[in-house]
Amino acid sequence: MGLGLLLIFVVFYVAKSGRDAVRKPILNVLKAGDGLKLRDIHYSQDDPDKGVKWILDAREVGFSGDQTSLSFQDFLLTVEPESRPPFRVKGRNGQYAREKGEIRLWGDLEGVSDNGYRFTADHVLIDEKNGHLSTDNSVKIFGPFFSVAGQGLFLDMGKETLQILSDVTTVIDRKSVF
């Protein structure tokens, strides 16, 4: 009899919790114009037409109500261009505008590539459609045998060209060159 009561209690509990679990998905509950905020997320964007895949890990992400843009804080962004070494950028804030194909990053940015290069900056813009990374602010780049500091940066990922725009200071490690 005790087992029967226990079985009835379990069936009642499972039936009640199952009914509560079947609710409208949160995206259907949101009204147009509302935004959505998530914490501790892992977000991936892979579009073969653009030739770039990127992965975002962030402490907090906010989606716009129309889901055309997102903003994020305390992030690690991994960019994997087609046929080139991937690179990672860590920073405080960022925004992604899906229609424009632009990723804006700012706040103590530190980047590193798989082929041994590092950079620091306070603000960068990644133009996903054209394969460019740029900034007008100060930037420092460290390679295996040199370091470069200057004002402004333009990187064409397709042509694999990099330009520091002004006030350039370069230091070359003689031991590595000769």
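Every read-out reported here was derived from the displayed coordinates using simple, explicitly stated rules and does not represent laboratory data. Keep in mind it's a predicted model, so treat the numbers as computed, not measured. Because the Cβ atoms are built from the backbone with ideal geometry, glycine has one as well, and the counts that use them run over all protein chains shown.
Some notes on this structure:
- Label-point gap, in nm, between residue 170 and residue 45 - each point 7 angstrom along Cα→Cβ: 3.3 nm
- Added length on full extension, which subtracts the Cα-Cα distance from 0.36 nm per residue, residue 122 to residue 147: 7.3 nm
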